[in-house]
1. Compute the long axis of helix 35-52 from its Cα atoms, compare it with the longest principal axis of the Cα atoms of the chain, and write down the angle in degrees, 0 to 90, nearest 10.
2. Would you mind checking which residues have amide H under 5 Å from ALA19's amide H? H placed 1.01 Å from N; only 5 or more apart, or other chain.
3. Suppose every Lys and Arg Cβ carries +1 and every Asp and Glu Cβ carries -1, with no other charges. What dipole size does the chain come out with about its Cα centre, to the nearest 20 debye?
4. As a test question: what accessible area, to the nearest 10 Å², does HIS8 have when a 1.4 Å probe is rolled over all protein chains in place?
5. Roughly speaking, to the nearest percent, how much of the chain's 1.4 Å accessible area is carbon and sulfur?
6. What shape does the chain take by its C-alpha gyration tensor, where a ≥ b ≥ c are the square roots of the eigenvalues and a/c under 1.5 counts as rounded, a/b above b/c as prolate, and the rest as oblate?
7. Ranked highest first by average number of other Cβ atoms within 10 Å, how do 33-44, 49-60, 14-25 line up?
8. Using a 7 Å offset from the Cα along the Cα-to-Cβ direction at both LEU33 and HIS48, what is the distance between the two label points in nm, to one decimal?
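The values are calculated or read from the model by the stated rules, or taken from the named source; none is laboratory data. Keep in mind that what you see is a predicted model, and the values were worked out from it rather than measured. All Cβ positions, even for glycine, are placed from backbone atoms using ideal geometry, and neighbour counts span all protein chains on display. Protein only, heavy atoms only, side chains kept; ligands, DNA and RNA dropped before computing areas. Shrake-Rupley method; radii C 1.70, N 1.55, O 1.52, S 1.80 Å.
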Amino acid sequence: MTLANLLHDRSLSQPNQTAFTFLENGETESDCLTYQELALKAQAIAAHLQSHTNPGDRVLLVYTSGL
């Protein structure tokens, strides 16, 4: 099973369960994502990348800290 398959399954079976919690400064909970929210965000990023690249292209994803 791939990570994408696992996320899809969890977004259907446990949509409101917390998938990630961001700890600001490594200690203070400041934000969280459910499996459903995470799946929707991942799908949006994938769609954006697919619309701006060709099959086989490589991309580098660089993000600031946080969810």
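1. Here the helix axis deviates by roughly 20 degrees.
2. Close amide H contacts, sequence-distant or interchain: LEU33, THR34, TYR35.
3. Details: 3 positive and 7 negative charges, 65 e Å.
Charge dipole, the chain, about its Cα centre: 320 debye, nearest 20.
4. Approximately 90 Å² of HIS8 is accessible to the 1.4 Å probe.
5. Carbon and sulfur: 53 percent of the exposed surface of the chain.
6. oblate
7. 33-44, 14-25, 49-60
8. The two pseudo-label positions are separated by 1.1 nm.
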